[in-house]
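The values are calculated or read from the model by the stated rules, or taken from the named source; none is laboratory data. Not measured: the values here are computed from a predicted model. Quick reminder, even Gly has a Cβ in these numbers, built from the backbone with ideal geometry, and neighbours come from all protein chains shown. All accessible areas refer to the heavy atoms of the entire protein, side chains included, with ligands and DNA or RNA removed. Shrake-Rupley method; radii C 1.70, N 1.55, O 1.52, S 1.80 Å.
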Amino acid sequence: MNCTRTHISIVGFALILLVNAIALAGVAWNRSEPAESRLQLSERELGEGYEYSYKENSGIALRLDYRWPATNGAEAINRGSNLLTPAKMTELGFVVPATLDEETVRRYNHQLDRDALLVLEFNGPLYQQQLQQAQERLNKSTSDLEALPDNEDLAESLKSAREDLQRERHTASRLFVVDAGQDLQALRQRYPDSQRYSIVRGQVSAWAWRDDDQWHLGGSAQIPVAESINLPHRWHSLFESLPRREAIPDLAHSGGDKLFTAEVVFGKRLEPWVTGMQAGQP
């Protein structure tokens, strides 16, 4: 009996060592050169991870904050802006019905999630587009209120447009999902700048909704590795002492974020890690 228990203990210990060795080998391979991409991000793209709120956790994790481009003005920011198109969903292997009714939409929605590669663009053309759209909304709201200066709804719209532009300029993430696919080499050829575009693994879900008695189809995606990026211990003290952003006039909840820049590298397994950090300017 004792011999059997000893053998079981040895086998269990050996399995633990084997699993740890495989995990460490995977991390080492992911971080071997050349890296797949490198992005110089700030607190706008790297929020404090949810685990950091638990004081008993001695680690510090950062969260990769990414966005989807808005295409139809302010409404698209809150609804429909995080959709992959039906054509893209077909490319990713989803069955998109030719005719839309209750039954075909139900079948579309019930398809299993699929793994896919997502392309992230940092501080590029899409961010400039968001800035331009925010400026155009502010210009229109200003003109509308000048024509009807006593209209309270227009005054509120102007206030909201001004806040949106301030948010885009100073606090909103500049990291956008711009494309999806299955072929890493094909995506990298399409987006060759590895210091502006990173490719990550995501999970795509079919999504349908109804608006004005008309069905619309698309897809949404999540990036699991974006939820928690461990900050190496050598930068913990720096992170704790970072300066914080002062509140921006007329923009609610705009102050208090820790200010920094950090280099985030995506390796051969398309998994991110932090390789450098420095304090930002207040």
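Dipole magnitude of the range 137-183 about its Cα centre, charges +1 at Lys/Arg Cβ and -1 at Asp/Glu Cβ only, in debye to the nearest 20? Walk me through the intermediate numbers first.
Details: 7 positive and 11 negative charges, 57 e Å.
So the dipole magnitude of the range 137-183 works out to roughly 280 debye.
Two decimals is fine: what is log10 I(q)/I(0) at q = 0.12, 0.14, 0.17, 0.19 Å⁻¹ for the range 167-282, from a Debye sum with one equal scatterer on every Cα and no solvent?
Results for the range 167-282 at q = 0.12, 0.14, 0.17, 0.19 Å⁻¹ read -0.67, -0.86, -1.07, -1.16.
Quick one: which residues, 5 or more positions from Leu46 or on another chain, have an amide H under 5 Å from its amide H? H modelled 1.01 Å from N in the peptide plane, none for Pro or chain starts.
Asp65
If you count only protein heavy atoms with a 1.4 Å probe, what accessible area per residue comes out for the range 96-161, rounded to a whole Å²? Numbers along the way, then the final one.
On the way: 4090 Å² over 66 residues.
About 62 Å² of surface per residue is accessible.
If you scale each eigenvalue of the Cα gyration tensor by 5 and take the root, what three semi-axes come out for the range 85-140, rounded to whole angstrom and sorted largest first?
On the way: eigenvalues 221, 63, 14 Å².
Here the semi-axes work out to 33, 18, 8 Å.
Skipping prolines and chain starts, which residues have an amide H placed within reach, meaning under 5 Å, of the one on Ser194, given they are 5 or more residues away or on another chain?
It is none; the list stays empty.
Looking at the calculated P(r) for the range 130-218, what percent of the C-alpha pair distances fall above 15 Å?
Tail fraction, whole percent: 73.
Using a 1.4 angstrom probe on heavy atoms only, work out the carbon and sulfur share of the accessible area of the range 153-282 in %.
44 percent
If you put +1 on each Lys and Arg Cβ and -1 on each Asp and Glu Cβ, how big is the dipole of the range 118-215 around its Cα centre, in Debye rounded to 20?
That gives a dipole near 780 debye.
Points 7 angstrom from Cα along the Cβ direction at Gln182 and Thr142: gap in nanometres?
Using points 7 Å along Cα→Cβ, the separation is 4.9 nm.
Taking 0.36 nm per residue of separation and subtracting the Cα-Cα distance, what length does fully extending Gln195 through Val95 add?
32.6 nm
At 37 °C and 0.692 mPa s, grab the translational diffusion coefficient of the range 167-229 from Stokes-Einstein with a Kirkwood Rh over Cα pairs, rounded to a whole number in µm² per second.
In µm²/s, the coefficient rounds to 226.
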